[in-house]
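Visitor: Take this structure first; my questions come after.
The values are calculated or read from the model by the stated rules, or taken from the named source; none is laboratory data. For clarity, every value in this text was computed on a predicted model and none was experimentally measured. Counting neighbours? That spans all protein chains shown, and the Cβs are built from the backbone with ideal geometry, glycine included.
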Amino acid sequence: MTDEPLIYSKELVTGPASPAVVSDISDLALDEDRQPWLRSLDERTLANLAIALTTFICRPSFGARSKHEIELELFAELRAHRPDWTTLGGIAEDLAISRSKARSLVLEHHSRQVGEQGRGARRAILREAIAAWPTQQIEQDHDRLRIVIDDPFVRDLLKNFAYGNGILLDQSFASEIQTFSWDSYARLLTALYSEGTTITDSDFMTLTADLRRQITTAAARNTAAQVELDAKLEELEKLAQKARKSKGERRRDLTIQLLKDYGPTLTSLALSTAGAG
């Protein structure tokens, strides 16, 4: 078993940068104030959006789709390209609609996603949401974190999964606010990437690949912050290698420890990046 990097190495974030891709979209006369749902999208992405939407409208035949179907399809296409749509308020602001309308769109969008993807879709959606927590705007109080979960669909998934796995949720008076210890965060992610008490080799490699992608993305945005955290990131890599070579309960315990240390570290990296921006 080789010791290739699982979640972090300096080469992953300090290697030669790819040439920047510059798109000239001046001919499109895109006004990001008037079309905020399209801001920062390059010409290729805009073209693909147009192709996808017109194909949906014109097939099986033009006029066969209802207004509601077209709205939901357009929302799904836009959401796939808007990682900044993390709150109902952000969606409502960009689309000039009410929060209740944004909530309805999000709920129906997720319900259709789950229905199309079949078994395991709910866990995949929840896994993606929880994994992104350390890079979002959160508050840390000693060994705890507080985060706003604005998406009602994700909130329901979280409560059902956490209660089913015996993980404590500390709820505020506002249902959107959840408070976790980093230990609870670690146990939640571990449960999402495993079946029962077993973490297979495949599960562990999927988990570390997701962690690596987050670290690489955050570090690439702020090299100075990444340098400051090099020692801690290297410690996490050593712990990940140790967990990979372990089995059974030992691997599970080491994975929980890895995630318990990983959460605050990635948060520090992400917050430093936000401050630098």
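Visitor: Consider ASP203 against the criteria (1) under 18 Å from TRP133 (Cβ atoms); (2) in contact with a strand residue (DSSP E or B) (Cβ under 8 Å, 6 or more places away or on another chain): it satisfies all of them except one. Which criterion is unmet?
Guide: Condition (1) is where ASP203 drops out.
Visitor: While we're on this one: Take the residues of region 229-253 that are hydrophobic (A, V, I, L, M, F, W, C) and under 20 Å from ASP183 (Cβ atoms): which is surrounded by the fewest Cβ atoms within 10 Å (Cβ to Cβ)?
Guide: Of region 229-253, the ones hydrophobic (A, V, I, L, M, F, W, C) are 229, 231, 233, 236, 239-240, 243.
With the extra rule that they be under 20 Å from ASP183 (Cβ atoms), the set shrinks to 236, 239-240, 243.
Numbers: LEU236: 22, LEU239: 19, ALA240: 23, ALA243: 24.
Residue satisfying both the conditions and the ranking: LEU239.
Visitor: Ok, one more. Select, from SER181, SER246, the only residue that is among the hydroxyl-bearing types (Ser, Thr, Tyr) and at pLDDT 90 or above. Before the answer, list the steps.
Guide: Values: SER181 fails: at pLDDT 90 or above.
Exactly one of SER181, SER246 is among the hydroxyl-bearing types (Ser, Thr, Tyr) and at pLDDT 90 or above, namely SER246.
Visitor: Within region 73-105, restricting attention to residues that are assigned to a helix (DSSP H, G or I), free of Cβ contacts under 8 Å to residues at least 12 places away in the same chain and under 18 Å from GLN35 (Cα atoms), which residue is farthest from the chain's Cα centre (by Cα)?
Guide: That would be ALA92.
Visitor: Is it fair to say PHE180 is crowded, with 19+ Cβ neighbours inside 10 Å, aromatic (Phe, Trp, Tyr), touching a residue at least 24 places away in the same chain (Cβ under 8 Å) and within 23 Å of GLY120 (Cα to Cα)? Steps first, please.
Guide: Working: crowded, with 19+ Cβ neighbours inside 10 Å: yes; aromatic (Phe, Trp, Tyr): yes; touching a residue at least 24 places away in the same chain (Cβ under 8 Å): yes; within 23 Å of GLY120 (Cα to Cα): no.
Spelling it out, it is not the case that PHE180 is crowded, with 19+ Cβ neighbours inside 10 Å, aromatic (Phe, Trp, Tyr), touching a residue at least 24 places away in the same chain (Cβ under 8 Å) and within 23 Å of GLY120 (Cα to Cα).
Visitor: May I ask you to say which residue of TYR185, TYR262 is within 12 Å of TYR8 (Cβ to Cβ), in contact (Cβ under 8 Å) with a residue 60 or more places away in the chain and either in the same structural domain as ARG144 (by TED's automatic domain parsing) or in contact with a strand residue (DSSP E or B) (Cβ under 6 Å, 6 or more places away or on another chain) (or both)?
Guide: Working: TYR185 fails: within 12 Å of TYR8 (Cβ to Cβ).
Result of the check over TYR185, TYR262: TYR262.
Visitor: Only residues in region 31-43 that are surrounded by 13 or more Cβ atoms within 10 Å (Cβ to Cβ) count as the first member; pair them with residues that are not in a loop (DSSP other than H, G, I, E, B), Cβ under 6 angstrom, at least 6 apart or cross-chain, and list the lot.
Guide: PRO36/ASP94; TRP37/LEU78; TRP37/ASP94
Visitor: Which ones in region 185-219 are assigned to a helix (DSSP H, G or I), small (Gly, Ala, Ser) and over 18 Å from the mean Cα position of the chain (by Cα)?
Guide: Of everything in region 185-219, just one residue is assigned to a helix (DSSP H, G or I), small (Gly, Ala, Ser) and over 18 Å from the mean Cα position of the chain (by Cα), namely SER202.
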